[in-house]
Each structure stands twice: as C-alpha cells, then as structure tokens.
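Reading through the structure tokens given below for one structure.
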Amino acid sequence: MGATTKGADGKLRCKWCDAAPEFLAYHDTEWGFPVSDDQRLFEKLCLEGFQSGLSWRTILVKRENFRSAFHNFDFDKVARFTQRDVNRLLKDEGIVRHRGKIEAVINNAKRAKELIKHEGSLAAFFWRYEPDPKQLAKPQTVSTSAESVALSKDLKKLGWKFIGPTTAYAFIQAMGLINDHVADCVIRRKVDSARKNFKRPCANK
C-alpha cells in the first residue's frame, strides 16, 4: 500500500499525486490517458524537456505561461521563431529561462514539421513506441524503458534535442502509451478503459 495514498474521497491513488496540490487534477484527468493530438504531444515533449533537472511541479504551475510564450505550442508558429524571440523568452519570468531548452523547442518545432511530412502526424510516429499493452503497472521507481531508449535514440537521429531516455519515458507515461498508474489506483481502471477505446494513429503511407 506504500505506492498509494487515500484521497479525500476515500479512494486510493498513486502516491505521487499527494506530493503537491497541483498534482491531483493532473493525475486524475490527464496523466496516462491516451493522446493523439499532435499539438498536445508536441507540448508535452517540450515541457518534459524543460523539466530536465527540475521538478514537474515547477513546470506544471508555469504551464499556462509556457503556452502563452510558445503560442500554445503550435509548432508551425514556433518553427518561425527568430533570435528576437529567443531574447524575448529569456526575459520572460513566467517560464524557465534556459537558453538551451528554449532553442531546443524552436529546433524541435522544425523537426516536428519534417516528421509530419514523412509520417502524416506526430502521433503516428510516437505511438509506434507503445509498449506491450499487456504490460502491468510497475513500482514507480523506473525512469526509463526499452521503448523510451529507442524513442530518444530515434528522435536524436532526426535532429531533435533535449529528449533523453528519461524525458522520453515521462512522455510515454503521461501521454498514455502505457498505463503506469499503480494497480490499486482508482484512475488505473479509467485509463484502461480509455486505452481500450483509443484508436491508434497510423502513418499516412
């Protein structure tokens, strides 16, 4: 039972959602639910990159600021950012002001557009890295997987930046490519249902 916490409603949830007040709604309505929207997938990958070396709470509380700063992570718009935009963002106190991470988002927006030309969508590419759907919840001490290592490696080959295996695994967890809610978590069943009804995206070949 150490992996769970009992909420105000008396139901068990993954223990990590008790670590900060912002986590409960994120845990209950977003984390682990499958996503096929390219803009949301791009946003999450960018935010996971910003999280590197920081806590997810730091990023989550600034998420609306990030969305405003990066035009809701519309990669067509972000791909056109210039050095003037980099300088603007480095002065924006509402986000994480890290030049390398900011420049990585702009770079990755360009790479996203290239990937869509080849694959039809970002979703079609990312969902290739879905682990075995029969995989059960694990103790949440794992920070990488064979799939996250492969995803990180393949994205780096395509010129993406700030996406290591740990960042890739957090992305896989959050975007529902795997159900990593612990077995006793009340949300695990909801995610299972969502994943069963989810239509996996296919490449436009």
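The values are calculated or read from the model by the stated rules, or taken from the named source; none is laboratory data. Since this is a predicted model, take the numbers as computed values, not measurements. Because the Cβ atoms are built from the backbone with ideal geometry, glycine has one as well, and the counts that use them run over all protein chains shown.
Observations on the model:
- Residue 187 meets the conditions (1) closer than 17 Å to residue 142 by Cα; (2) buried (at least 20 other Cβ atoms within 10 Å of the Cβ) in every case but one. The failed one is (1).
- Set 25, 112: member being aliphatic (A, V, I, L, M), out of contact with any helix residue (DSSP H, G or I) (no Cβ under 7 Å at 6 or more places or on another chain) and modelled with pLDDT of 95 or more: 25
- Only listed residue being among the acidic types (Asp, Glu) and crowded, with 18+ Cβ neighbours inside 10 Å, chosen from 43, 64, 114, 30: 43
- Neighbours by Cβ (under 8 Å, 6+ apart or cross-chain): first from the range 94-110, touching a residue at least 60 places away in the same chain (Cβ under 8 Å); second of a type in the set (Gly, Ala, Ser) and part of a loop (DSSP other than H, G, I, E, B): 101/52; 109/79
- The residue list 24, 41, 90, 47 contains one member that is in contact with a Lys or Arg (Cβ under 9 Å, 6 or more places away or on another chain), in contact (Cβ under 8 Å) with a residue 12 or more places away in the chain and within 24 Å of residue 131 (Cβ to Cβ), which is 47.
- Residue in the range 68-77 that is without any contact (Cβ under 8 Å) to a residue 60 or more places away in the chain, buried (at least 19 other Cβ atoms within 10 Å of the Cβ), hydrophobic (A, V, I, L, M, F, W, C) and not in a helix (DSSP H, G or I) present: yes
- For the range 1-48, filtering for residues that are of a type outside the set (Phe, Trp, Tyr), farther than 20 Å from residue 67 by Cα and part of a loop (DSSP other than H, G, I, E, B) leaves 13.
- Evaluated against (1) out of contact with any Pro (no Cβ under 7 Å at 6 or more places or on another chain); (2) surrounded by 14 or more Cβ atoms within 10 Å (Cβ to Cβ); (3) at pLDDT below 95, residue 3 falls short on exactly one condition, (1).
- Counting the residues of the range 191-205 that are in contact (Cβ under 8 Å) with a residue 12 or more places away in the chain, part of a helix (DSSP H, G or I) and either buried (at least 22 other Cβ atoms within 10 Å of the Cβ) or basic (Lys, Arg) (or both) gives 1.
- Of the helices (runs of 4 or more DSSP H) contained entirely in the range 85-188, those carrying at least 2 residues that are over 25 Å from residue 25 (Cβ atoms) fall at 99-119, 122-126, 146-157.
- Conditions (1) buried (at least 17 other Cβ atoms within 10 Å of the Cβ); (2) over 18 Å from residue 160 (Cβ atoms); (3) among the charged types (D, E, K, R): number failed by residue 93: (1)
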